[in-house]
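Encoded as structure tokens, the structure appears first; notes follow it.
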Amino acid sequence: MSFSLNEIEATAKRATRGAGYAWGVAEEAAKATRWLCAQDVDGAAELARLLEYGFAGAVTGHIPAGTQGDWSGPGTLCPLMTGALLSDRSDLLHAGPIRIRQLAAPMMLLPFAAHAARNQGSVVTVTCGDFSAATDGAQLAVANDCPAHADHVEIALGGPLTAPRARQTRATPDPAAWKTLNRFAHRTFAPATEESRLLGAGAGLSDND
Amino acid sequence: MTSPSPDIDRRDPATVMRLSRLGSLHQCRLSFMRQLTRRMAAENWVFSRPVFDIDDNGVGHAVYTAQGPDHAYSLVAFAHDLPPEQRSDRVIAEAWDATFALFDGIPTADDIERLSQNVPLQEAGRVSEAELSLSRANRSVRLWAHVVDRLAAGQQPDLEQIYAVGYLMRTTAVYGSGKFGAADREKTADRPETNGPFQAEMLSVYLTRVFVRDLVQHMARAKGGEKTAQLDPEIANWLGIGNSTGLGMAPFIVNHPILFNNWIMAREEAIARVRALATATEADVARFRDVFRRSELSVSWWRSEHPIQIEKLTALTADLRAISDHLDQADLTQDRPWNRLILWSQTALSQEGQELLASLILEPYGDLVDGLAGCMADSNSAAHVIDGAMPVKAVRDLLRSSFGWALDLDWDAPEHCARAWYVSEEKLEPRLGERFDEPIAEYEQPLAPARDAALAHKALTGWAEDTPIAEFLLRHPEHRHTVRRAQMSRVAPYGEIRDNTIGADVLPIDMLRAKLSFFGATHFDPRSDRWVRICMYAGAPYPEDLTSETADLWVYPELLQ
């Protein structure tokens, strides 16, 4: 079944919030997931895998300690939080490549590298091991497979952007991942009660006027 | 034409963006319905009805096609036989009198078959990238029965009943922008005819009105046979398509600050341009006096039983008398006449009258104002990206600029946070609940920007003013949403409501009216503090009568001669 990118974004936002992240981070995840899908990557699957790590419950354990030197934290880094920092401080790339240690779901970092690319008006290259990706913000090119977990990721300004992926206007997420996202999203919906049904919204239950 | 001089500013957002004023907005030249009708007339759109396959019980389907210069759009309409006990305007309804999809192009038989399996299910079905909009409508039971019975008996319906209700059917949701599988806005955003806000949805409702007229005629003929009367075209003209809007729409203006800013700013710019005119011609003044007189007529027919609206209508009626008296003596040709009129209104009239006048002064100046419609979409796709290098001091200043009034409020006091917006698991219906009386606080949606700005501002205490905000956000992700909004306000000075959206006395209908006024709605009829009925396209020409002469001022009624 194909979905609009708006549906992807809306579900991703609710799912990320349902997993315990702040709304502002959920917004980042939503745009990031949408961007990946537009680049013909199953962003929903990447997000579902990330949310199942359960980082949001103790998020301070999964963020970089700072931006001096290699970016690392007490535990495995969350790509949403790390990506947000990358996007927020993309200016730091001018001083040299940014190195990130112990990052989960590195594919989720790419949309934030895209922000950095747009902000700095440059291609940004992301490498971990054999995997490399390049983006100018609008397009994405990847080489080889991205691991589910990276010991070491390097982000740098510049690099070629060859054979970018075909842009998509629809998404066909892996059904199991979509189910996972909806399960998380469901946590943001208040249970329906009779009282809430009668008072919470407008109109009657029978409008025969 | 006198060119405007630059020293009349747009009105201060602190004045404009108050909920009571937003809840008093009136349609104007820039409204989305009129943008559409003007375009379709100017571009000579061609309308046809390739299919009308409806039985004597009113069950079946029809297709209405609108052909523009480069693209065709088709309303695929399904008519149903709905048992009365199932008729509800709520999101949680599961069956309707009529269901619709706006197809991008001209549908094949296969498309129609696919749509027939899904469109009647609405949220429970799926549409595709070939569909731009999904909607549904219910009858006004009283008026429908009256019109069918009269026509079947060879008579015309009673005008008083027509005026009293104003529509035969009302839409209860019109979905676009990728919902339920429909095409994302990006698919059509670059086409001239759909670049403006909600143009596909406005077209869908325009065609729905044609369908409803045809359907009621069809049902009358099924009942009355040969003696059935044809609905008088002038009566058909009075009829609009109603709309029932609830809380689903209220979050929109909070969730789309840049888009909403663009609408408001376009109107404020239009108002400033007209106010800046040094003189007005006799023809311009005549046009203004004409639409004012017609507005008086329109307001005289505006009915509501809701105490809030009754009070507003009493004030508006008094405003109209004051305006009328003032116009009797005013010279509207010299000495920045429109500016003098607006300045006078700021102390002489209620907000309803002030905003009506602000809209009316635009009417003679299509050349000056209509081009601003091109600024009302939101194409700023990068505005949501946070600038992490911005120093703490700059963020504090931005928060203060939009929400200075909110920073010292006691946000824990019950009257200030009594309400919470949430989404019910029941068909994902947006609801507004009582925070202290219901177990909803943990499900609260981020629809309280003022409270959140106060919290963020407080959390920034003690941070060195030149620290990059990224450092604060790393430690405090809970404020990321609010900092993003604060930065967006740099490009969207009219993007924030300068009022408390979770207070004990917040009126969601103020938020609904603001958006609906940009649609071009009139005769707002609140049914509660969170539900409003309106009428769309009442007075508008049907496709066969759509010309540049009829395409614009139809919203201002004239008495039948």
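FYI, it's all coordinate maths here, none of it is from the lab. Remember, it's a predicted structure, so these values are computed and weren't measured experimentally. As a convention, Cβ positions derive from the backbone with ideal geometry for all residues, glycine included, and neighbour counts pool all protein chains shown.
In terms of overall dimensions, region B:1-109 has a Cα radius of gyration and Dmax of 21.4, 64 angstrom. Across every direction, the projection of the convex hull enclosing the Cα atoms of chain A has a mean area of 14.1 nm².
Loop-located trypsin sites (Lys or Arg not before Pro) in region B:470-501 (DSSP state not H, G, I, E or B) with no more than 15 neighbouring Cβ atoms inside 10 Å: B:Arg490.
The magnitude of the dipole of region A:78-209, with charges of +1 and -1 set on the Cβ of Lys/Arg and Asp/Glu and taken from the Cα centre, is near 240 debye. In this structure, B:Asp466 and B:Ala383 have a Cβ-Cβ separation that, at R0 = 35 Å, corresponds to a calculated FRET efficiency of about 0.90. Per-peptide packing, taken as the mean over residues of other Cβ atoms within 10 Å, places B:402-410, B:233-241 in the sequence B:233-241, B:402-410 from highest down. Per residue, the convex hull spanned by the Cα atoms of the protein assembly as shown measures out at 165 cubic angstrom.
Taking a point 7 Å out from the Cα of B:Thr279 in the direction of its Cβ, the residues of region B:358-384 whose backbone N falls within less than 18 Å of it are B:365.
Dividing the summed -39500 (n - 2.57) terms of all DSSP H runs of n ≥ 4 by the residue count of chain B sets its mean residue ellipticity at 222 nm at -12500 deg cm²/dmol. Farthest toward the positive end of the dipole of region A:14-97, out of A:Pro74, A:Gly18, A:Ser87, is the Cα of A:Gly18, where the dipole comes from beta carbon charges about the Cα centre. Averaging the sequence gap over all C-alpha pairs within less than 8 Å and six or more residues apart, then dividing by the number of residues, gives region A:42-94 a relative contact order of 23 percent. Sparsely packed loop sites in region B:460-561 (the chymotrypsin sites (Phe, Trp or Tyr not before Pro) outside DSSP H, G, I, E and B with at most 13 other Cβ atoms within 10 Å) do not occur. For chain B, the longest principal axis of the C-alpha atoms and the axis of helix B:257-275 are separated by about 90°. Between B:Phe47 and B:Glu434, the C-beta separation translates, for a Förster distance of 45 Å, into a calculated FRET efficiency of about 0.40.
Lysine pair count for the protein assembly as shown with Cα-Cα distance under 29 Å and sequence separation of 8 or more or different chains is 25. With the helix formula -39500 (n - 2.57) applied to DSSP H stretches of n ≥ 4, chain A reaches a computed 222 nm mean residue ellipticity of -11500 deg cm²/dmol.
Between B:Asp529 and B:Ala322, the FRET efficiency from the beta-carbon distance, with R0 = 25 Å, is close to 0.35. Based on C-alpha pairs under 8 angstrom that are at least 6 apart in sequence, chain B has a relative contact order of 22 percent. Rounded to two decimals, the Cα-based Rg/Rh of region A:1-86, with Kirkwood Rh, is 1.00. Here's the picture: charge each Lys and Arg Cβ at +1 and each Asp and Glu Cβ at -1 in chain B, and of B:Ala441, B:Gly242, B:Ile534 the one pushed furthest to the positive end of that dipole is B:Ala441. Taking the longest Cα principal axis of chain B as reference, the axis of helix B:392-403 is set at about 50 degrees. When only Cα pairs below 8 angstrom with a gap of at least 6 residues are kept, chain A shows a relative contact order of 26 percent. Within region B:422-492, the GluC sites (Glu not before Pro) that combine a DSSP coil assignment with at most 13 other C-beta atoms in a 10 angstrom radius are B:Glu465. A Cβ-based charge dipole, computed about the Cα centre of chain B with Lys and Arg at +1 and Asp and Glu at -1, lands at about 380 debye.
Evaluated with a Cβ-only charge set (Lys, Arg +1; Asp, Glu -1), region B:490-561 carries a dipole of roughly 420 debye about its Cα centre, given to the nearest 20.
To the nearest ten degrees, helix B:282-300 and the longest principal axis of the Cα atoms of chain B are 80 degrees apart. Per-residue mean of foreign Cβ neighbours for B:234-247 is 1 (Cβ atoms of other chains, 10 Å radius).
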